[in-house]
Amino acid sequence: MFDTKARAQEWASKVESDMRALKFQDERIISDLTLGTLIDRYTEEIGAKKSFGKNKTAVLASLKIALGDILLPNLTSDRLVDYIEMRSTGYRKSLPTRSTSSQAARGRTATASPSTENSVMNF
C-alpha cells in the first residue's frame, strides 16, 4: 500500500490529526442508516421542539422519497447533484396528492423524459 515506511507514517499522522480535529468519521457508525431514517429522526427530534413550515416539510418529504432508501455511506455528492439536476428539470418525484390522484383517475400521469428516467434509476 505504501512505498516507504515514511509515507505510511505520514499517512497515519494525517489520519490521527484529522481524528483529533473531528474531521474523521468512522463509516461503521452510520453504515446501516438510510437518509430516510435520518430525516425521520430529525423530524421527531427537531420538529417536536418547533414545528416545520410547509416548505421544510415539503423538502424533507421530497428528499425522503427520492433518496430515503440510500444508505448514508453511499450518499455521495454525485447522487445529490443528480437529485438537484432531476429537480431542476421539472421532474418531481413526490407524494401522491389530490391533484395527482385525480390526474391518474383521468388517465393523465406525470412522466419523465428518457434522460431524467436514467437519473432516477441511479437512485
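Which condition number does residue 72 fail, the rest of (1) surrounded by 13 or more Cβ atoms within 10 Å (Cβ to Cβ); (2) at pLDDT 90 or above being met?
Residue 72 satisfies every listed condition except (2).
Scan segment 75-89 for residues that are assigned to a helix (DSSP H, G or I), at pLDDT 90 or above and not aliphatic (A, V, I, L, M) and jot them down.
Hits for segment 75-89 are 77, 78, 79, 82, 83, 85.
Out of all the residues in segment 51-74, which are part of a helix (DSSP H, G or I) and either of a type in the set (Phe, Trp, Tyr) or under 11 Å from the mean Cα position of the chain (by Cα) (or both)?
Of everything in segment 51-74, those that are part of a helix (DSSP H, G or I) and either of a type in the set (Phe, Trp, Tyr) or under 11 Å from the mean Cα position of the chain (by Cα) (or both) turn out to be 60, 62, 63, 64, 65, 66, 67, 72, 73, 74.
Mind checking which pairs have a first residue in segment 30-56 that is within 22 Å of residue 74 (Cα to Cα) and without any contact (Cβ under 8 Å) to a residue 40 or more places away in the chain and a second that is of a type in the set (Ser, Thr, Tyr) and in a helix (DSSP H, G or I), Cβ under 9 Å, 6 or more apart or different chains?
43/57
The values are calculated or read from the model by the stated rules, or taken from the named source; none is laboratory data. What you see is a predicted model; the values in this text were computed from it and never measured. Glycine also receives a Cβ, built like all others from the backbone with ideal geometry; neighbour counts cover every protein chain displayed.
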